[in-house]
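Notes for the one structure printed next.
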Amino acid sequence: MQNLIIDTGADEPILNALLSMQASAQRDHKLVIITSDSKRLEQLKARFEFYSTIQIQLLKESDEAVTKLPPLNPSVKPSPDGFLIVSAANGRFRWWYNQLAFSAAQFNYPIEIYDLGGLGFGKAHVSEVQLNDEGYYTVIGKNWKSKALHKPDIIADCLNRFPVQTVYLDADIAISKPISEVFDPAHGDYDIGITVRSDREFQNYDKKDNQKITGYINAGVVFFRNTPGAKKFIKLWQNLTLELNNDQLALNQLVNPDGSKLVAHEKIHAKDYTVRLFDGAIYNYDYQIGNVLSGAEKLFHFKNSKDRMHDFDESRSAQKNSSFLDYLISKIPPQIEVYDPLMLELKELREEAQRLRVGYHQLRNERLGIKKKMGQDRIRYEKRIARVNLLVDRLKKFVS
């Protein structure tokens with residue numbers, strides 16, 4: 001079955017349709033998005049390129065399709081059983097976001113992405129404090145870089161625009177297994193779900209100067225039911241993030257102000273909201289800490305390592321970026337399929353460079369062979385000249 005969406009320049013109708021399809025398990029349904037703006041067409045293709053359920057066409061090429069396809073019912077609202085992923089990235093994080101989007105599309109999880117600058121698609125986010133060229137807002141403590149002051153703001157915006165359950169994921173996360181069970185009634189009522197660091201991960205941070213900032217909670221994965229309690233929590237989180245200049249420090253102080261050890265699967269009851277603790281080893285696995293996998297991991301987080309996307313620089317040579325991306329790929333566990341057109345392009349460039357190098361070495365060897373032959377010829381010539389001169393000298397003595 002196919003449904004038609006006439007594009008209005010906003011992504012909400014498309015995301016709502018994806019949410020409805022997700023909630024009703026309509027995997028065989030297709031969305032045909034018709035737009036008359038070629039620039040918007042490219043944005044839509046970049047935004048939804050990973051979804052096999054979406055087709056995007058220019059109006060001038062699709063007049064017949066407009067008359068044949070049934071329009072999407074504008075009264076269709078996303079079911080509360082569906083959920084939306086929200087994330088944010090700038091241009092330097094595009095490669096990481098592509099991995100997140102590709103992995104989410106495999107499970108039909110729609111994403112609302114916020115453009116922090118240079119991404120080229122998604123909802124533009126304007127903040128009083130902007131990311132600098134180095135990929136962070138400010139430095140707190142001894143050397144901790146605050147990279148996500150925008151986080152509570154975009155989550156609040158998303159919950160206000162979409163009346164559904166929401167999962168915030170950092171852009172450097174990849175999904176390897178379905179995660180819809182986090183909203184199952186089996187987990188009981190809660191407003192906010194956060195992930196608790198494993199003992200291994202916490203002990204690693206405990207050896208660092210910034211352990212107070214990292215705490216037992218990582219702010220890269222947060223689950224929200226669309227409840228008044230969740231919205232009150234986010235408001236507190238927004239204010240404390242601005243006060244402390246760090247979203248993660250603020251989250252830890254809200255949930256665990258005394259810094260005591262947290263245990264997964266427990267709940268924390270506050271006056272206006274309830275927080276449920278999820279196992280970080282499953283829903284926020286720090287793959288850079290250690291490569292010992294249990295098989296239960298569902299969300300892989302590539303954090304606190306040199307293989308962050310702000311280290312990638314499009315102005316560098318293809319060879320350097322190729323080596324860098326090779327390193328990134330090597331860090332992704334085999335459970336996660338990698339989407340990497342840039343890597344394929346660089347692979348082709350490497351193969352072409354290798355062919356050129358082979359050709360160069362062949363020409364160089366030929367040149368060396370010619371020089372060697374020329375040297376050998378010169379030696380033979382010099383020897384002949386020496387013999388001739390010797391004969392001339394003897395003839396002169398004979399004549400005289």
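The values are calculated or read from the model by the stated rules, or taken from the named source; none is laboratory data. Not measured: the values here are computed from a predicted model. Neighbour counts run over all protein chains shown; Cβ positions are idealised from the backbone, glycine included.
Below, the figures for the structure above:
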| read-out | value |
| --- | --- |
| Residues within the range 241-299 that are among the hydroxyl-bearing types (S, T, Y), at pLDDT 90 or above and more than 22 Å from I155 (Cβ to Cβ), tallied | 0 |
| Cross-chain or 6+ apart pairs with Cβ under 6 Å, the range 243-261 first and outside the structural domain of G215 (by TED's automatic domain parsing), then among the hydroxyl-bearing types (S, T, Y) and modelled with pLDDT of 90 or more | none |
| Unique match (being of a type in the set (G, A, S) and in contact with a strand residue (DSSP E or B) (Cβ under 7 Å, 6 or more places away or on another chain)) among A171, A186 | A171 |
| Filter pass, E243 being more than 27 Å from A88 (Cα to Cα) and not aromatic (F, W, Y) | no |
| Cross-chain or 6+ apart pairs with Cβ under 7 Å, the range 104-115 first and of a type in the set (D, E, K, R), then modelled with pLDDT under 95 and part of a loop (DSSP other than H, G, I, E, B) | D115/F121; D115/G122; D115/H125 |
| Matching entry among F233, F202, F223 (being part of a helix (DSSP H, G or I) and either modelled with pLDDT under 90 or within 22 Å of E297 (Cβ to Cβ) (or both)) | F202 |
| Filtered residues of the range 67-96 (kept if in a helix (DSSP H, G or I) and either among the acidic types (D, E) or modelled with pLDDT under 55 (or both)) | T67 |
| Test: residue in the range 114-131 that is polar (S, T, N, Q) and in a strand (DSSP E or B) | no |
| Among the residues listed as V167, V182, V139, the single one being surrounded by 15 or more Cβ atoms within 10 Å (Cβ to Cβ) and in a strand (DSSP E or B) | V167 |
| In the range 154-164, residue surrounded by the fewest Cβ atoms within 10 Å (Cβ to Cβ) [restricted to those that are touching a helix residue (DSSP H, G or I) at 6+ places or on another chain (Cβ under 8 Å) and under 13 Å from K123 (Cα atoms)] | R161 |
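Conditions tested, residue by residue: (1) under 23 Å from the mean Cα position of the chain (by Cα); (2) at pLDDT 75 or above; (3) part of a helix (DSSP H, G or I); (4) not assigned by TED's automatic domain parsing to the domain that holds A88.
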{"position": "S305", "(1), (2), (3), (4)": "yes, no, no, no"}
{"position": "F324", "(1), (2), (3), (4)": "yes, no, yes, no"}
{"position": "Y327", "(1), (2), (3), (4)": "yes, no, yes, no"}
{"position": "H361", "(1), (2), (3), (4)": "no, yes, yes, yes"}
{"position": "N365", "(1), (2), (3), (4)": "no, yes, yes, yes"}
{"position": "I370", "(1), (2), (3), (4)": "no, yes, yes, yes"}
{"position": "K373", "(1), (2), (3), (4)": "no, yes, yes, yes"}
